[in-house]
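The structure appears right after this line, and notes come after that.
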Amino acid sequence: MGKSRAGVNGRNSPGQRRGVKIHAGETVHAGSIIVRQVGSHFHAGVNVGRGKDFTLFAKENGVVQFHTAAGRRIVSIKSTAPAAPAVPVKPAVPVASAVPVKPFKPVASAAPFKPVASAAPFKPVAPAAPAAAARPIVPAAPAAPARPVAPAVPVAAAKPVVPAAPAAPAKPAAPGAFAAPFKPVAPAAPAAAARPIVPAAPAVAAKPIMPAAPVVAAKPIVPAAPVVAAKPIVPAAPAAPVKPVAPAVPVVPPAPEKK
């Protein structure tokens, strides 16, 4: 049997070949691998890309450069590609001559202001006619005196009822004796005649109603003072004529460029 080549972990796998493949100052082409690594030991700089497995590769042709910034090791590529040729500039198209501007015509002066005709003078209002005096009120005729009331017919007085004499208490009968015969009650004495009712005194005649005092005549209304006539309106001063506007300066067409 041949000799075993098993490693420490019981496997015999090839190495991953990681590390820096192209050093500083060397020339690379676009797409070349610069560093193979696990983790970001080196960071991509200018013109350098990074793959999913942290591999750094060149994006353009140039020279590899290593430098440190903020504690990080960065790989960049200084491009050596020739500069792109400048695009020729097309000559400018000559601008057409500008249309001449017509001279400005001054505006005709405004018509002079005509003053407003003065208003007619105010006519005073004629005083009102005095009111007619009120007629006095005629007193009412006195009322007729009231007729006396006839006395009422006297009413016959009712006879007072004489109360009956109380009956004597009956004596208890002796045992074995007969009761005494019943004695009739004596008739009551006749009632005294009632006195006649005195007729009432005749009613006093009502006093006549005094006539009301005549109403004082109303004072005549004093006419109002005449209204002062309004002052005439002073016409406004005429407006100053409008100054003509200076004509605009014509635009000078630009000179054509020489080819």
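Residues in the stretch 72-89 that are more than 17 Å from residue 49 (Cβ to Cβ) and of a type outside the set (Gly, Ala, Ser): how many? Can you show your working first?
Just the residues of the stretch 72-89 that are more than 17 Å from residue 49 (Cβ to Cβ), to begin with: 80, 82-89.
Subsequent filtering for residues that are of a type outside the set (Gly, Ala, Ser) retains 80, 82, 85, 87-89.
The qualifying residues number 6.
Considering only the stretch 147-155, I want to know if a residue exists there that is out of contact with any Phe, Trp or Tyr (no Cβ under 7 Å at 6 or more places or on another chain), in a loop (DSSP other than H, G, I, E, B), modelled with pLDDT of 75 or more and not acidic (Asp, Glu). Spell out the reasoning first.
The initial filter retains those residues of the stretch 147-155 that are out of contact with any Phe, Trp or Tyr (no Cβ under 7 Å at 6 or more places or on another chain), namely 147-155.
Retained after the next criterion (residues that are in a loop (DSSP other than H, G, I, E, B)): 147-155.
Retained after the next criterion (residues that are modelled with pLDDT of 75 or more): 147.
Within this subset, residues satisfying the condition of being not acidic (Asp, Glu) are 147.
Yes: the stretch 147-155 contains one or more residues that are out of contact with any Phe, Trp or Tyr (no Cβ under 7 Å at 6 or more places or on another chain), in a loop (DSSP other than H, G, I, E, B), modelled with pLDDT of 75 or more and not acidic (Asp, Glu).
Every residue, every condition in (1) farther than 30 Å from residue 163 by Cα; (2) of a type in the set (Val, Ile, Thr); (3) modelled with pLDDT under 75, yes or no:
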| residue | (1), (2), (3) |
| --- | --- |
| 190 | no, no, yes |
| 199 | yes, no, yes |
| 205 | yes, no, yes |
| 216 | yes, yes, yes |
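Could you check the stretch 65-86 and list, in sequence order, the residues that are of a type outside the set (S, T, N, Q) and assigned to a loop (DSSP other than H, G, I, E, B)? Break it down stepwise before answering.
Here is the first cut: in the stretch 65-86, the residues of a type outside the set (S, T, N, Q) are 66-67, 69-75, 77-78, 81-86.
Answer for the stretch 65-86, where residues must be of a type outside the set (S, T, N, Q) and assigned to a loop (DSSP other than H, G, I, E, B): 70, 71, 81, 82, 83, 84, 85, 86.
Looking at this structure, is residue 252 more than 60 Å from the chain's Cα centre (by Cα), at pLDDT below 70, loosely packed, with under 10 Cβ neighbours inside 10 Å and part of a loop (DSSP other than H, G, I, E, B)? Before the answer, list the steps.
Numbers: more than 60 Å from the chain's Cα centre (by Cα): yes; at pLDDT below 70: no; loosely packed, with under 10 Cβ neighbours inside 10 Å: yes; part of a loop (DSSP other than H, G, I, E, B): yes.
Taking the combined requirement at face value, the residue does not satisfy it.
Please indicate, with yes or no, whether at least one residue in the stretch 218-228 is touching a Lys or Arg at 6+ places or on another chain (Cβ under 9 Å), farther than 27 Å from residue 111 by Cβ and of a type in the set (Gly, Ala, Ser).
no
With the structure loaded, tell me whether residue 36 is of a type in the set (Lys, Arg), more than 30 Å from residue 235 (Cβ to Cβ), in contact with a Ser or Thr (Cβ under 7 Å, 6 or more places away or on another chain) and at pLDDT 95 or above or whether it fails that test. Even if it seems obvious, please write down each step before you answer.
Numbers: of a type in the set (Lys, Arg): yes; more than 30 Å from residue 235 (Cβ to Cβ): yes; in contact with a Ser or Thr (Cβ under 7 Å, 6 or more places away or on another chain): yes; at pLDDT 95 or above: yes.
In short, yes.
Quick check on my filter: what residues within the stretch 209-227 are in contact (Cβ under 8 Å) with a residue 40 or more places away in the chain and under 30 Å from residue 127 (Cα atoms)?
Keep residues of the stretch 209-227 that are in contact (Cβ under 8 Å) with a residue 40 or more places away in the chain, which gives 209, 211-212, 214-215, 217-218, 220-221, 223-224, 226-227.
Within the stretch 209-227, 215, 217, 218, 220, 221, 223, 224, 226, 227 qualify.
If residue 58 satisfies all but one of (1) at pLDDT 95 or above; (2) within 60 Å of the chain's Cα centre (by Cα), what's the number of the condition it fails?
(2)
List pairs: first in the stretch 236-255 and touching a residue at least 60 places away in the same chain (Cβ under 8 Å), second loosely packed, with under 10 Cβ neighbours inside 10 Å and assigned to a loop (DSSP other than H, G, I, E, B), Cβ under 7 Å, 6+ apart or cross-chain?
Taking only residues 6 or more apart or on different chains, the pairs are 238/112; 247/103; 250/100.
The values are calculated or read from the model by the stated rules, or taken from the named source; none is laboratory data. In this text, all values refer to a predicted model and were calculated from it rather than measured experimentally. Methodologically, a virtual Cβ is constructed for each residue, glycine included, from the backbone with ideal geometry; neighbour enumeration extends over all protein chains shown.
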